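Data block below; observations after.
The values are calculated or read from the model by the stated rules, or taken from the named source; none is laboratory data. If you're wondering where the values come from, they're calculated on a predicted model, not measured in any experiment. When we count neighbours, we look across all protein chains shown, and the Cβ atoms used for this are built from the backbone with ideal geometry, even at glycine.
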């Protein structure tokens, strides 16, 4: 429709209106009833209570407290079907199990329940996506769980047929591709993709590409730092990317121990109580420095 035609239609519309009709006053907005007020207060209280649990989950993850992560996973049950924010609660329930498994990989001996944790985590992320199909962070986390579970089960060692390997990882690949298309600079996406890139031979090209991916994610995380005012929206990433940079600089073909130490210390400045970085990764860096002398 051209601009002239639009103006013609508007003029005909207004010409057809009664010219002497009295102006109408806007309808008065009714005050909320007591029942509506009570419902609003209950919803606000539920959101506040859920946020408290989510914050505890994030701290328990950094502290490596697998028992607390199990307990906090259960504490989100009362909010799991809340119509206002159930997709986010499901995400954080999945996050608790996902990070419980990741922390378990750092324990000796390896706990026997990692596959179960990852399966439960994936189920929660799937539930989040059922409620919000465009939820990028749930796609990233679900894909990561699939990859870790298959790795832990020995697929990478036991399956030699490339076509079969692609079939096994097809669900994770689909989720990651959808996440990349929707939010290519999502720092949590880049953090999750880094280990995949790291393990693509040859190391001479894959390792620098993985490090570049982490650096791009770190830049994005810092740029987005204040974008979300809702604690139920995933916004983590900066400390994790610094940790991954520290690990990569420690383990690359030609280690950069100064960079590894600097990145690890930067992560600890953000999260001083991070068990893995403080007690495991930093010790590995110190040991490497001692051997290099």
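Data overview
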{"item": "Residue in region 217-232 that is farther than 30 Å from residue 85 by Cβ and in contact (Cβ under 8 Å) with a residue 12 or more places away in the chain present", "result": "no"}
{"item": "Subset tally (residues that are crowded, with 22+ Cβ neighbours inside 10 Å and more than 17 Å from residue 184 (Cα to Cα)) for region 216-240", "result": "1"}
{"item": "Filter result (in a helix (DSSP H, G or I) and loosely packed, with under 15 Cβ neighbours inside 10 Å) within region 241-261", "result": "251, 258"}
{"item": "Sole exception among (1) surrounded by 23 or more Cβ atoms within 10 Å (Cβ to Cβ); (2) under 16 Å from the mean Cα position of the chain (by Cα) for residue 193, by number", "result": "(1)"}
{"item": "Residue match in region 160-169 (condition: touching a helix residue (DSSP H, G or I) at 6+ places or on another chain (Cβ under 9 Å) and either under 26 Å from residue 239 (Cα atoms) or touching a residue at least 60 places away in the same chain (Cβ under 8 Å) (or both))", "result": "no"}
{"item": "Any chance residue 283 is exposed (fewer than 13 other Cβ atoms within 10 Å of the Cβ), out of contact with any strand residue (DSSP E or B) (no Cβ under 6 Å at 6 or more places or on another chain), in a helix (DSSP H, G or I) and modelled with pLDDT of 95 or more", "result": "yes"}
{"item": "Residue match in region 241-252 (condition: under 25 Å from residue 94 (Cβ atoms), free of Cβ contacts under 8 Å to residues at least 24 places away in the same chain, under 20 Å from the mean Cα position of the chain (by Cα) and not assigned by TED's automatic domain parsing to the domain that holds residue 120)", "result": "no"}
{"item": "Residue among 170, 179 that is farther than 27 Å from residue 221 by Cβ and assigned to a helix (DSSP H, G or I)", "result": "170"}
